[in-house]
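Structure first, then comments.
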Amino acid sequence: MKAVVYEGPRQVHVENVPDARIERPTDVLVRVTTANICGSDLHMYEGRTDLERGRVLGHENLGVVVEVGSAVDRIAVGDTVCIPFNIACGFCANCEKGLTAYCLTTNPESGIAGAAYGFADMGPYSGGQAEFLRVPYGDFNCLVLPDDAKEKQNDYVMLADIWPSGWHATRLASVQAGDSVVVYGAGPVGLMAAYSATLQSASKVMVVDRHPDRLAKAEEIGAIAIDDSRTSPVDQVMELTQGMGADRGCECVGYQAHDPQGHEHPNMTLNNLVNSVKFTGTIGVVGVFLPFDPGSPDDLYKEGEIAFDYGMFWFKGQTMGNGQCNVKNYNRQLCTLIHEEKARPSWVVSHELGLDDAPAGYEHFDRRDYGWTKVVIHPSW
Ligand SMILES: NC(=O)c1ccc[n+]([C@@H]2O[C@H](COP(=O)([O-])OP(=O)(O)OC[C@H]3O[C@@H](n4cnc5c(N)ncnc54)[C@H](O)[C@@H]3O)[C@@H](O)[C@H]2O)c1
Ligand SMILES: [Zn+2]
Ligand SMILES: [Zn+2]
C-alpha cells in the first residue's frame, strides 16, 4: 500500500510499504478515506522528536472497515468509523476510568502509559496517512459514524483529535457559561478550543496568535483576535477584562512556542497565561511538552525543564490541568453535535489533498503559509 513515511527532518515521502493487516483477533482493518496533518506531526516532521525513520505518520483517521478479526463483536465490515488518536485497550485501570490517553497496556515500552498511531514514543503503531490502517481493539476504539458520514467526513474526522483536544483544553480549564476565556495559539487546536468555549456559552473568547489568516478564522466564530506581534497579549487581555484577567485560559501551542520574530521560548505561553488569567483562574494545557528536547535552543528545556513563573501562579491561586486528550471521553457527544447540525468543525479545513500531494501539504502547513490552516488528506474517497 502507499503511505506517508518519515525519512528525516522535513522529509516525508509517499512510498510503498507492506499492507496494513489484521495481526490480532481483536483488530479491525480500515480503508482510510480521510486523514489529517496535525501540529503534532510537525514536531516529528521538524526532527524535534526521536521518531525513527521509516515510520508511517498519521493519527487523525477516518475510513471504512474492510475486515474484522475473529474476536471482534461490535464493528462490522462496511461501517464508517472515526478512530481516536489514542490506542487504548478498554480494560486496564486507566482505561476503566476514562483515561484512554494513558492506557497501561498498549505501549510496549515499560514505564510509559499511552499509545497512538504514527507518533514518537507512543508505541510501534503505523499511522493512517496511508491507504489502510490497522486498529487494535477495534470494538473499543472505533466510533461508528451515522449515515451522513460520507457527506460530513471533513467534520467527523476532527473527532479523531483536534476537536476533542480543543474541548479537553476547555474542560481542564473548567470553562463555565458566562466565562471569559483566553486561548493561546490559533492553530487548528486553538481554534477548536475557542469553538468549544463558544459552544459552552463563554461570554468572551480571546485568541492570541500573529498569523492574520488564522486570527481571521477565530473571528469567523465570534472570538476576539489578539495579534501579539503588535502589542503585549497580556496587556490586551487585561484591557478586555477590566484589568482582572480572563476567567479561564487554554494553552494550544506547546514547547515550540516562539515570539513573533521566530525565537523559541518554551515557557512563553505558560507565563503569558499566568499573567493574563485572573486570580483563582484555571488553565488547561493541551499544547505538547516533552520530557527531553535535545534540539531546543533553550538550555533548560533540553532536559525538559521550564522557567515557569510559579511564584505568580501560586500567588494568584491558579489551577492548571494538562496532558494528552482522552478522546473517547468526548467523541460520541461531539459526534452528535455534528449529526444534529449544531456544530461544523470542518470550518477549519483549508486544503484537501490526495495522498501523493501529502509531502507538499506538510511543507506548506509547516511554514504556516498564508491560508494553510488545516490539511485533510484523502487516500481514497
Ligand atoms: N494534548 C493533546 O491531546 C493534543 C492533541 C493535538 C495537538 N496537540 C498539540 O497542540 C499544539 C497545537 O497544535 P496545532 O495543530 O494547532 O499546531 P500549529 O503549530 O498549527 O498551531 C500552533 C499555533 O501557535 C502559534 N504560536 C506560536 N507561538 C505562540 C505564542 N508565543 N503565542 C501565541 N501563539 C503562538 C503559531 O503561530 C501557530 O498558529 C501542538 O503542540 C500539538 O502537538 C495536543
Ligand atoms: Zn493530531
Ligand atoms: Zn488500557
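Read-outs: derived from the displayed coordinates by stated rules, not from any lab. For clarity, every value in this text was computed on a predicted model and none was experimentally measured. All Cβ positions, glycine included, derive from the backbone under ideal geometry; neighbour counts span all protein chains shown.
What tally of residues in segment 47-68 results from selecting those that are assigned to a loop (DSSP other than H, G, I, E, B) and either surrounded by 14 or more Cβ atoms within 10 Å (Cβ to Cβ) or of a type in the set (V, I, T) (or both)?
So the count comes out to 9.
Does A223 count as closer than 16 Å to G187 by Cα, buried (at least 20 other Cβ atoms within 10 Å of the Cβ) and small (G, A, S)?
yes
Search segment 251-276 for residues being in contact with a helix residue (DSSP H, G or I) (Cβ under 6 Å, 6 or more places away or on another chain) and more than 16 Å from ligand 2 (Cβ to nearest atom), and hand back the single one that is farthest from A202 (Cα to Cα).
Residue satisfying both the conditions and the ranking: P266.
From the residues in segment 69-87 that are within 16 Å of ligand 2 (Cβ to nearest atom) and either exposed (fewer than 12 other Cβ atoms within 10 Å of the Cβ) or of a type in the set (A, V, I, L, M) (or both), which one is farthest from D147 (Cα to Cα)?
Across segment 69-87, the extreme among qualifying residues is I87.
Failed condition for G317, given (1) within 16 Å of ligand 2 (Cβ to nearest atom); (2) surrounded by fewer than 17 Cβ atoms within 10 Å (Cβ to Cβ), with all others met?
That leaves (1) as the condition not met.
Could we say that R134 is within 23 Å of F289 (Cβ to Cβ) and among the basic types (K, R) here?
no
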